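K.L.:
One structure coming up, written as structure tokens, with questions to follow.
Here, each number is a calculation from the coordinates, and none is a lab measurement. Bear in mind that the values here come from a model prediction, so they are computed numbers and not experimental data. Positions of Cβ are backbone-derived with ideal geometry, glycine not excepted, and every protein chain shown enters the neighbour counts.
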Amino acid sequence: MASVTATVERMIRRFPSLYANRTQCLHALFYVLGNGYAWSAGELVDITRDERTEEDADAAFLAPLIARHGPDHPIVEQATARFAADRAPTLSRRGRAAALARTPGELGPHDPYPLTTGCALSTMPADARPDWRAAADEITAAVAEHVNSGKYSGIHERITTFPGRPPD
């Protein structure tokens, strides 16, 4: 069994460029569909059992380019340099992951995912552990604050008004 804080710390250590703080991890856990987590025994658990990191993902992206062009080809060198440049500012988060996992922060530069019936927040079981219930309350409050702060672009309302959408 993993606590909320342990789960968040693991997320930050594996993907420091995706998650800058506890709030961003909780958003991914509770709102984002297809995030690789599901409810089990009252907690959200990683169902992918995937231990890859950002560097592993970068290597997987580069492998076919290297196989086709060789490691010294300019396109491989450019991609490698771009990954390094993109990751460099965030790598220090790994060393601070334990502290970041306990510290709420900004939700992020993007609007939050809309609440859907399939997300973990909507499917929380009755036997959810108290720390997971508290985390759900925490991220719900953060999303509400973001939406009500004026930072919210309203994109989700605009999406629902696309022509051809069936009436409610």
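K.L.:
By how many nm would the segment from Arg10 to His110 lengthen if fully extended, with 0.36 nm per residue of separation less the alpha-carbon distance?
P.N.:
Going from the current span to full extension adds 33.8 nm.
K.L.:
Compute the distance in nm between two label points, each set 7 Å from the Cα along the Cα-to-Cβ direction, one at Ala59 and one at Met1.
P.N.:
A separation of 3.5 nm, rounded to one decimal place.
K.L.:
Relative to the present Cα-Cα distance, how much length would full extension add between Thr90 and Leu33 at 0.36 nm per residue of separation?
P.N.:
So the chain would gain 18.1 nm between Thr90 and Leu33.
K.L.:
Work out the length of the dipole vector of the chain about its Cα centre, built from +1 on the beta-carbon of each Lys and Arg and -1 on the beta-carbon of each Asp and Glu, and round it to the nearest 20 debye.
P.N.:
Here the chain has a charge dipole of around 180 debye.
K.L.:
For Arg133 paired with Arg49, estimate the spin-label separation in nm (one decimal), with each label point 7 Å from Cα along the Cα-to-Cβ line.
P.N.:
It works out to 3.1 nm between the two label points.
K.L.:
Let me ask something else about it. For Arg82 and Ser122, compute 0.36 nm times the residue count separating them, minus their Cα-Cα distance, and round to one decimal in nm.
P.N.:
10.6 nm
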